[in-house]
Amino acid sequence: MNHDLLIENVNVATMSGGDYGILMSHDVGVKDGRIVDLSPSNDPRASNLWLTPGLIDCHTHLVYAGNRANEFEARLAGDTYQQISQRGGGILSSVAATRAATITELVSSAQVRLNQLCREGVTTVEIKSGYGLDLESEGKMLGAARLLTGANIKRTLLAAHSIPSEFKGESDSYVDQICNIILPELAGECDAVDAFCEGIAFSPVQTQRVFDAAKQFGLAVKLHADQLSDLGGAGLAAENQALSADHLEYTSEESVRKMGDNGTVAVLLPGAFYFLRETKLPPVEQLRKHGVLMAVATDHNPGTSPCLSLLLCMNMASVLFGLSPLEALLGVTSHAARALGMQDEIGTIELGKRADFALYNIDHPRDLASRFGVNPCVGRYLGGVRQPD
Ligand code: DI6
Ligand code: FE
């Protein structure tokens, strides 16, 4: 068969079948951007390289302006995230900076961050809006995300991230604005709709209104749920057939059961847990018990997770949350694809899937979660095209 690309004699972690799916010393053939051949290599030498599906960071806020290291200092001096938020810092501080930035400035700073993520073998990144909070600035953020290069980008509208200062004390009016203006105008610019269901943000009733508006435009939904308190957000997301419910530190078993029943993926975000010095652990054992698939993402954002290493988040998911190295790798491949509704395209190495790969110099795929501060990635392919380092 004539291939556009033949990767010869690598060990393959296909990540299919809920396992590493290991194929030692195989050749991988690609045609028209798709995997068309997986066969044992004729080369008698053992390979020291491992090919995995390109990693997927399924929850980020990569586009923004400004710097919030001052809030890190304030928290270390005793303030809480909620206190900083209530006095107009937090998300609203990033909103002010992002509104003031040009689209060119947003693209160039986000491109630097994206390149950093990609260096470890990431090939697909979900990027949320949510630091604009008005039609023009949310559109500017989604427009910036569209202009990024070097990875597949999935864009999520997160206009329901916080209540902008011009709607202070009138959160229902802002939800009207989202449902009647922002979402209808930007429905063609995004793949999904997200909201922050939390005491300092939107109530379950308001979240449901945003979900209803998203459904009118045929958009998938997902939710920042139960990060700081339990408002039943993960259960609400599941009842709405959300692709994912994310964070989940305070999620109840009742909500976990609903997630299992509806196939809603649990996106675990250990970077935010770590950086906020949270002590309440997400209910990993219950998620396993109820058959909920777990994904792992960076949640990269300037306030609660200024982390640009998905490999480090895998390690944190194992050390802090108790995921096995296999669960951590499934969490950034097969299960992350499902959290984006892209399981038919990416996330595993199988015939017919997109030829997005990462190549690592490791002894076994478990090394990806067991080491930290190390980058063993030696190659990256997007649609069968080798990417520059
Ligand atoms: N939870 C988070 O961790 C991010 N958004 C959210 O709803 C953080 C947002 C921020 O503080 O800028
Ligand atoms: Fe987030």
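Please treat every number below as a calculation from the coordinates, not as lab data. What you see is a predicted model; the values in this text were computed from it and never measured. As a convention, Cβ positions derive from the backbone with ideal geometry for all residues, glycine included, and neighbour counts pool all protein chains shown.
Going by a ≥ b ≥ c, the root eigenvalues of the Cα gyration tensor, does the stretch 246-314 fall in the rounded group (a/c under 1.5), the prolate group (a/b larger than b/c) or the oblate group?
Prolate.
Taking Cα pairs under 8 Å and at least six residues apart, what relative contact order does the chain come out at, in percent?
20
Take the alpha carbon gyration tensor of the stretch 78-194, find the square roots of its eigenvalues, order them as a ≥ b ≥ c, and report rounded if a/c is under 1.5; if not, report prolate when a/b exceeds b/c, else oblate.
Since a/c reaches 1.5 but b/c is at least a/b, the shape of the stretch 78-194 is classed as oblate.
Tell me the Kirkwood hydrodynamic radius of the stretch 102-165 in angstroms, computed as one over the mean inverse distance between distinct C-alpha pairs.
The answer is 12.1 Å.
Normalising by the residue count of the stretch 78-175, find the relative contact order in percent from Cα pairs under 8 Å and 6+ residues apart.
So the answer I get is 28 percent.
Where both partners of a DSSP beta bridge lie in the chain, what percent of those bridges are antiparallel, to the nearest 5?
Percentage antiparallel, nearest 5: 45.
If you place +1 on the Cβ of every Lys and Arg, -1 on the Cβ of every Asp and Glu, and leave all else neutral, what size is the dipole of the chain about its Cα centre, to the nearest 20 Debye?
So the dipole magnitude of the chain works out to roughly 460 debye.
Report D for the chain in µm² per second (integer): Stokes-Einstein, Kirkwood Rh on Cα pairs, 20 °C, 1.002 mPa s.
My calculation gives 102 µm²/s for D.
Full extension from ASN180 to ASP43: what is 0.36 nm times the residue separation minus their Cα-Cα distance, to one decimal in nm?
Taking 0.36 nm per residue and subtracting the Cα distance, the gain is 43.2 nm.
Quickly estimate the mean residue ellipticity at 222 nm for the chain, helices only: each DSSP H run with n ≥ 4 gives -39500 (n - 2.57), and the total goes over all residues, rounded to 500.
-9500 deg cm²/dmol
Give me the tail of P(r) for the stretch 302-389 as a percent: Cα-Cα pairs with distance above 15 Å.
Above the 15 Å cut-off, the stretch 302-389 has 65 percent of its Cα pairs.
Taking a 21 Å limit on the Cα-Cα distance, which of the listed pairs LYS222/LYS258; LYS258/LYS289; LYS128/LYS353; LYS154/LYS222 fall beyond it?
With Cα atoms farther than 21 Å apart: LYS128/LYS353.
May I ask for the distance between the Cα centers of the stretch 247-282 and the stretch 112-129, given as a whole number of Å?
23
Find out how many positive minus negative residues lie around VAL374, taking Lys and Arg as positive, Asp and Glu as negative, among other residues whose Cβ is under 15 Å from that of VAL374.
0
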